[in-house]
Every structure is written in structure tokens, then in C-alpha cells.
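Undergrad: Submitted below is the structure of interest, expressed as C-alpha cells.
The values are calculated or read from the model by the stated rules, or taken from the named source; none is laboratory data. Every value quoted in this text rests on a predicted model; they were computed, and no experiment measured them. For neighbour counting, all protein chains shown are included, and Cβ atoms are generated from backbone atoms with ideal geometry for every residue, glycine included. In case anyone asks, the SASA skips ligands and DNA or RNA and just uses the protein heavy atoms, side chains included. Shrake-Rupley method; radii C 1.70, N 1.55, O 1.52, S 1.80 Å.
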Amino acid sequence: MESAAPMIEVENLTKRYPGRTAVDGISFQIGRGEVVGFLGPNGAGKSTTLRILSSFLPATSGTARVAGFDVFREPDEVRRRIGYMPENNPLHLDMRVREYLKFRARLKGLGWRRSRERVDAVLQQCGLTDVAGRIIGQLSKGYRQRVGLSDALVHEPDLIILDEPTIGLDPHQIRSVRALVKELGKKHTVVLSTHILNEVEMTCSRVLILHRGRILAADRTEDLGRRMSLDGQVVAEVEAPEVALLEAFRDLPEVEHVEVQPLDGNWRRVSLIPRGGVDLRPLVAAEVRDNGWPLRELTRSRQSLEDIFIHLTRGKVRED
Amino acid sequence: MSVFFALVRRELGGHFNSLTGYVVIAAVLLLTGFGLVDLIERIRQMPYDAPVTELFYQTTYFWLVVLLTSPVITMRTYAAEKATGTYEALMTTPVGDWQVVLAKFAGALVFFLLTWVPFIGVLFSLRQITGEAALFEPVIVAVTFLGIALVGGLFMAVGCFASALTRSEIIAAMVAFLFGIGLWMLGYRPEASGMLPTWAVPALEHMSMTRHMEDFARGMLVGRYVVYYVTVTGLFLFLTHRIVQSRRWK
């Protein structure tokens with residue numbers, strides 16, 4: 001029965017702080033074995049959601065279940081099943097690596113012998129064997145991050161929750177942490193939060209995009225790329241009639257989608273999304289020249305998280 | 001139970017892994033040392049028939065040590081963990097709120113008592129100097145230390161409570177000191193103030209920690225004193241538990 005339940009079920013989850021709604025009625029499900037990324041800018045509600053899931057904070061309303069257990073009513077059952085690495089990876093800096101992991105293993109209910117076995121196993125798994133006797137405060141940030149990950153793993157939880165696991169690391173360290181997370185995804189359900197688009201693409205099979213406490217999109221990572229085919233979007237500001245612009249660009253084989261918005265006077269903004277990543281700028285320039293239209297801007301936008309949010313929030317408005 | 005001991009060990013480790021633990025122990029030794037030297041000097045000038053230790057617990061030195069060290073010992077318990085975020089890591093493991101509250105209290109109390117262990121050595125050397133046999137009367141030493149433990153328990157509970165209120169160690173220490181000195185002053189010679197209503201004086205005398213310690217140092221284990229300390233300690237632990245729980249209030 002337990003294995004039939006999804007790993008995480010969240011329904012209408014809301015968290016309000018005085019004067020601010022951090023999480024605004026979100027619902028989602030995460031199945032066993034998935035690696036899911038929470039993507040969003042700072043303040044999107046990622047950490048708050050993860051804190052509720054790890055039953056550290058209560059929700060204002062709505063329900064959240066982990067492995068079928070309610071995070072509010074059965075916090076101990078939930079905590080036994082999750083390995084949670086909070087934001088900024090807090091550790092007792094005065095302890096030694098092995099000592100710290102053993103302490104954490106005991107807190108998580110492992111017996112004396114079992115905790116020793118597991119600590120040895122995670123030290124190995126996370127490449128910490130060489131620094132097992134060192135004081136955590138003297139380790140580099142990359143190593144500390146691995147200590148945090150080891151802590152999340154030590155009791156073999158069903159679900160691993162990592163809040164911004166690569167924040168503040170150098171590129172090399174980021175790579176090794178991502179590789180570790182990917183490795184974990186083979187055996188555990190993993191939920192991580194990040195504000196780096198790349199990270200989600202590299203490590204997660206599915207992504208939830210959060211913005212101002214709401215879920216803007218929930219998609220498989222590869223679908224997200226397609227849906228967000230903003231890559232190479234070209235924007236031109238041209239002084240020409242809307243119909244003429246639409247006619248000029250709509251039927252080009254290289255163009256996937258055209259949008260025309262009126263600007264001041266007779267100026268129009270033309271947004272073009274290319275098919276298959278073609279650079280549309282020369283095409284647009286040629287078309288404008290041939291028609292003799294005045295042109296005052298021609299740019300190609302790069303895909304960034306910002307664009308995705310703008311894109312998604314616009315889409316949202318239109319849907320409403 | 002093993003989780004509880006792991007937590008207590010961690011609390012003690014926190015004191016000994018950093019310099020603060022040793023500084024506190026050194027400060028206690030220094031102040032008690034001053035106190036005793038001062039006392040012996042005074043007795044030499046004007047002989048007094050009570051044992052030295054009994055007098056010692058009436059001096060400001062003893063209370064200075066208790067009042068000053070207890071906020072320093074307890075200020076880290078919750079505030080430091082909240083500030084660094086390890087509190088979140090702790091509270092997302094399957095440990096109970098009471099387990100955390102009691103373990104932090106126990107860790108602080110054990111450390112407090114450890115700071116008084118060298119005092120046994122001081123007593124021993126005092127006996128060598130003065131030749132006073134009462135100094136090492138087992139019952140007297142035992143009851144004296146029980147008294148120190150009871151007083152310490154109360155101050156540790158107050159300190160944990162103050163620390164649970166905030167994420168700043170400085171504020172925790174200040175609040176603990178204010179509460180501590182407040183409780184101590186309540187019963188400090190209430191008859192001398194002359195401003196209190198007549199019914200208040202005997203009530204406050206019951207809370208006189210100096211009086212309690214005087215009796216403990218004579219080897220007198222008075223039941224109602226014990227009840228006083230256990231009750232107030234329990235009250236503050238209960239309040240601390242409420243604060244720990246409060247994060248889960250909607």
C-alpha cells in the first residue's frame with residue numbers, strides 16, 4: 001500500500017507570512033524514482049515549499065503528504081523517510097566529518113553498529129574518506145557540500161530534498177556535486193531547488209517552475225526546452241502596417257511563430273521565433289530592406305530564466 | 001534514549017571544541033579563588049566560628065560566578081543553532097521536541113557542574129590550610145553540591161529559555177542575565193528594603209537563593225527549597241518547550 005502512494009502529493013498548499021504570501025495554493029505530485037527540480041528566482045517560494053515538505057514549517061492551508069504520510073500530522077514518519085539538506089548547508093563546523101555524520105545518523109534513529117556502517121558507506125560514496133578525520137570548519141566549501149549530502153543520505157531515505165545544493169560553489173565543485181546528485185537519482189527520489197536553468201537541465205528529469213509562490217509550469221525537462229523555444233527569438237521594431245508585417249513573415253519556412261504588437265505612432269514590434277534555431281536576423285533585415293520599411297531595432301534574445309518567466313507570465317495572463 | 005545521549009554529547013562537545021568552554025572554566029576558577037582568598041583574609045582578621053565554605057556561599061563571589069557564567073553557558077543552546085541554520089537540520093530529524101529541550105538543558109547543566117569540579121580541589125587545599133574537618137564531611141559536600149546543582153539547574157533552564165527566544169547569542173545572554181539576576185534579587189534580603197508590604201517579606205524570603213545556599217552548605221537538605229528549584233526549573237523548561245513547538249503553530 002505504501003509503495004503505491006506517490007512519493008510526494010501536494011494539494012492547494014499555501015503559506016502566508018504576515019503581509020506576504022510565500023506559497024500560493026500550489027498542487028503537484030512527484031512519483032517514486034523521479035528527480036525533480038524546483039526552478040525559480042529568489043523569493044519564489046522554493047525554500048518555503050521544501051521546508052513544509054520536510055515538516056519543519058506548517059502550511060497555512062492545504063495538505064502535503066510524503067510517502068502517504070501527512071507532513072503536519074505525522075511529522076516523525078515523514079522525517080524518517082527524508083534526507084533534507086537545508087539552504088546554505090548548515091553544519092556544525094567544530095565537529096570532525098566522521099563524528100558529525102555519526103551524530104546525525106544517531107539522531108535519525110540508526111543504532112550504534114548500523115550508523116558506523118552507513119557512515120563508512122556514505123564517506124566512500126561522496127568521496128570523503130580522505131577527510132573523514134578533519135574538522136568541518138577547515139574544509140573547502142565543496143567538501144562541506146559533500147558532507148551535507150552525506151548527511152542527507154546516511155539513513156538511506158526514500159526521498160532526498162536538497163535546497164540549492166550548488167549555491168556558492170566554484171564551477172569545478174558544482175560539477176562534482178551535480179554528478180553526485182545524478183548518481184543519487186538512480187536509487188532515490190530527489191527533489192532539489194535551484195535558480196540556475198542549466199542545473200535543472202543537467203540533473204533533473206522533471207521541472208516545476210515557481211514564481212511568486214505559484215507553479216508556472218510543470219514539465220519534463222526536455223519538453224521544457226521545446227516549449228521555451230525562445231532561444232534565438234528575434235525582435236524587430238519596424239514602421240509598417242500590422243497586416244503587411246504578418247504577411248511578410250508568417251509564411252517563411254524558417255519562422256515558427258510571429259507576433260506583432262503596436263508601439264508608438266506607426267511603429268510595430270515584431271517577435272519571431274525561429275524553427276530549429278536558425279538565426280533570423282539576416283532574413284528580417286533583407287525583408288525590411290526589400291519593403292523599404294524604416295527599422296529602428298533588431299535584436300536576438302538569448303534564452304535566460306528571466307525570459308522564461310516573462311514568457312510564462314505573459315502566457316498566464318493570456319490564459320486567464 | 002540513545003538519541004538523547006547523542007544530543008547531550010553534542011552539547012558538551014560544543015563547549016569543549018571551542019575556546020569558550022575553557023574560558024568559562026578558567027573564569028570560574030579565578031573568581032572562586034579570589035573569593036576564598038578574600039574570605040580567608042577576613043577571617044584571619046576577625047575570627048568567625050562558621051566553616052569557611054558556608055561563608056563562601058554568602059559572598060558575592062559565589063553568586064557572581066553563577067550569575068555571570070550561566071548566561072554564557074546557555075546563550076548558544078538555541079540562538080547559535082538558529083543563526084547558523086543547524087537548528088533546521090536538527091528539527092528535520094525524527095527527534096522529539098522534548099528530547100531536544102531536555103538534552104540541551106542537560107548538556108548545559110552537566111557543563112555547569114563540570115566547571116565546579118575543580119572546586120573540590122579548592123576545598124581540599126583549604127582543609128590543608130585551615131585544618132577544618134567539616135570541609136570534607138561527605139554529607140556536607142554532597143548536599144552542597146546538590147545545592148549547586150539545583151541552583152545551576154534553575155539558571156540553566158532560565159538561560160535555555162532566553163536562548164530559545166532569539167537567534168542572537170548576545171541577546172540570549174543579556175536576557176538570561178536579566179532573568180537570572182531578577183530571580184536572585186527577588187529574594188535578596190527583602191526585609192532590608194523597608195518598602196515592601198509586610199506579607200511580601202516572608203514570601204520573598206522563601207525565594208532567597210542566598211538563604212537556600214547557606215543551608216545547603218551546612219548540610220541541611222530542606223525539602224521546600226528542593227521543591228522551589230524543581231518547580232521553577234520545570235516551569236522554564238516547559239516555556240522553552242512551548243517556544244520550540246511554536247514554529248509549528250499555524
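Undergrad: Out of all the residues in region B:79-98, which are touching a residue at least 24 places away in the same chain (Cβ under 8 Å) and in contact with a Leu (Cβ under 7 Å, 6 or more places away or on another chain)?
TA: The one that is touching a residue at least 24 places away in the same chain (Cβ under 8 Å) and in contact with a Leu (Cβ under 7 Å, 6 or more places away or on another chain): B:Val95.
One line per residue, one yes/no per condition, for (1) among the aromatic types (Phe, Trp, Tyr); (2) outside any helix (DSSP H, G or I); (3) touching a residue at least 60 places away in the same chain (Cβ under 8 Å); (4) farther than 14 Å from B:Thr77 by Cα:
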residue	(1), (2), (3), (4)
B:Met156	no, no, yes, no
B:Ala176	no, no, yes, no
B:Met185	no, no, no, yes
B:Val226	no, no, yes, yes
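Undergrad: Of the conditions (1) on the phi > 0 side of the Ramachandran plot; (2) open to solvent by less than 10 Å² (accessible area, probe 1.4 Å), B:Met91 clears all except one; give me its number.
TA: Looking at each condition in turn, B:Met91 falls short on (1).
Undergrad: On to the next question. If we keep just the residues of region B:222-238 that are surrounded by 18 or more Cβ atoms within 10 Å (Cβ to Cβ) and within 15 Å of B:Trp98 (Cβ to Cβ), which is nearest to the chain's Cα centre (by Cα)?
TA: The selected residue is B:Thr233.
Undergrad: For A:Arg32, only one of the following conditions fails: (1) free of Cβ contacts under 8 Å to residues at least 12 places away in the same chain; (2) open to solvent by 40 Å² or more (accessible area, probe 1.4 Å); (3) of a type in the set (D, E, K, R); (4) touching a strand residue (DSSP E or B) at 6+ places or on another chain (Cβ under 8 Å). What is its number?
TA: Here A:Arg32 meets the rest and fails (1).
Undergrad: Follow-up. Would you pick out the residues in region B:151-172 that are open to solvent by 20 Å² or more (accessible area, probe 1.4 Å) and aliphatic (A, V, I, L, M)?
TA: B:Leu165, B:Ile170, B:Ile171 - these are the residues of region B:151-172 that are open to solvent by 20 Å² or more (accessible area, probe 1.4 Å) and aliphatic (A, V, I, L, M).
Undergrad: If you don't mind, another one. Please determine whether any residue of region A:33-47 is under 20 Å from A:Pro75 (Cβ atoms) and in a helix (DSSP H, G or I). Working first, answer last.
TA: Our first condition is that a residue be under 20 Å from A:Pro75 (Cβ atoms); within region A:33-47, this holds for A:47.
Still in the running and in a helix (DSSP H, G or I): A:47.
Yes, region A:33-47 has at least one match.
Undergrad: Here's a follow-up. Quick one: would you say B:Phe56 is buried (at least 21 other Cβ atoms within 10 Å of the Cβ) and either more than 14 Å from every other protein chain (Cβ to nearest Cβ) or modelled with pLDDT of 90 or more (or both)? Write out each step before concluding.
TA: Numbers: buried (at least 21 other Cβ atoms within 10 Å of the Cβ): yes; either more than 14 Å from every other protein chain (Cβ to nearest Cβ) or modelled with pLDDT of 90 or more (or both): yes.
Here the answer is yes, as B:Phe56 does meet what is asked.
Undergrad: Among the residues in region A:212-228, are any in contact with an Asp or Glu (Cβ under 7 Å, 6 or more places away or on another chain), open to solvent by 40 Å² or more (accessible area, probe 1.4 Å) and closer than 30 Å to A:Ala286 by Cβ?
TA: Looking for residues that are in contact with an Asp or Glu (Cβ under 7 Å, 6 or more places away or on another chain), open to solvent by 40 Å² or more (accessible area, probe 1.4 Å) and closer than 30 Å to A:Ala286 by Cβ, one finds at least one in region A:212-228, hence yes.
Undergrad: Another one. Report whether or not A:Lys15 is surrounded by 15 or more Cβ atoms within 10 Å (Cβ to Cβ), under 18 Å from A:Arg214 (Cα atoms) and within 11 Å of chain B (Cβ to nearest Cβ).
TA: yes
Undergrad: Let me ask something additional. Restricting attention to region A:48-58, which residues are at the interface with chain B (Cβ under 10 Å from one of its Cβ atoms) and open to solvent by 10 Å² or more (accessible area, probe 1.4 Å)?
TA: A:Arg51, A:Phe56, A:Leu57
Undergrad: Let me ask you something else. Given the structure, is A:Leu91 over 16 Å from the mean Cα position of the chain (by Cα) and at pLDDT 95 or above? Walk me through it before giving the result.
TA: Numbers: over 16 Å from the mean Cα position of the chain (by Cα): yes; at pLDDT 95 or above: yes.
For A:Leu91, the condition - over 16 Å from the mean Cα position of the chain (by Cα) and at pLDDT 95 or above - is met.
Undergrad: Of all residues in region B:17-26, how many are within 11 Å of chain A (Cβ to nearest Cβ) and closer than 21 Å to B:Val66 by Cβ?
TA: Number satisfying all stated conditions: 2.
Undergrad: Continuing with this model, one more query. From the list A:Leu263, A:Leu295, pick out the single residue that is open to solvent by 40 Å² or more (accessible area, probe 1.4 Å), out of contact with any helix residue (DSSP H, G or I) (no Cβ under 8 Å at 6 or more places or on another chain) and either of a type outside the set (Ser, Thr, Tyr) or at pLDDT 90 or above (or both).
TA: None of the other options fit; the residue is A:Leu263.
Undergrad: Suppose we filter region A:270-295 for residues that are in a strand (DSSP E or B) and either within 13 Å of A:Phe249 (Cα to Cα) or of a type in the set (Gly, Ala, Ser) (or both); how many remain?
TA: The total comes to 5.
Undergrad: If you check every pair at least six apart or on different chains, which have Cβ atoms under 6 Å apart with a residue in region B:239-250 that is surrounded by 14 or more Cβ atoms within 10 Å (Cβ to Cβ) first and a residue that is assigned to a loop (DSSP other than H, G, I, E, B) second?
TA: Sorted first by the residue in region B:239-250, then by its partner, the pairs are B:Arg248/A:Pro58.
Undergrad: Going by the conditions given, is A:Asp223 in a strand (DSSP E or B), modelled with pLDDT under 80 and closer than 30 Å to A:Glu199 by Cβ?
TA: Numbers: in a strand (DSSP E or B): no; modelled with pLDDT under 80: yes; closer than 30 Å to A:Glu199 by Cβ: yes.
It is false that A:Asp223 is in a strand (DSSP E or B), modelled with pLDDT under 80 and closer than 30 Å to A:Glu199 by Cβ.
Undergrad: Could I ask something else about it? Restricting attention to region A:1-29, which residues are without any contact (Cβ under 8 Å) to a residue 12 or more places away in the chain, assigned to a strand (DSSP E or B) and over 22 Å from B:Thr92 (Cβ atoms)?
TA: Scanning region A:1-29 gives a single hit, A:Arg20.
Undergrad: For a quick check of your reading: which helices (runs of 4 or more DSSP H) sit entirely within region A:69-182 and have at least 3 residues that are more than 22 Å from A:Val35 (Cβ to Cβ), open to solvent by 10 Å² or more (accessible area, probe 1.4 Å) and within 14 Å of chain B (Cβ to nearest Cβ)?
TA: Hits in region A:69-182: A:75-81, A:97-107, A:112-125.
Undergrad: While we're on this one: Scanning for something touching a Ser or Thr at 6+ places or on another chain (Cβ under 7 Å), buried (at least 16 other Cβ atoms within 10 Å of the Cβ) and at pLDDT below 95, does region B:97-115 turn up at least one residue?
TA: Yes, region B:97-115 contains at least one residue that is touching a Ser or Thr at 6+ places or on another chain (Cβ under 7 Å), buried (at least 16 other Cβ atoms within 10 Å of the Cβ) and at pLDDT below 95.
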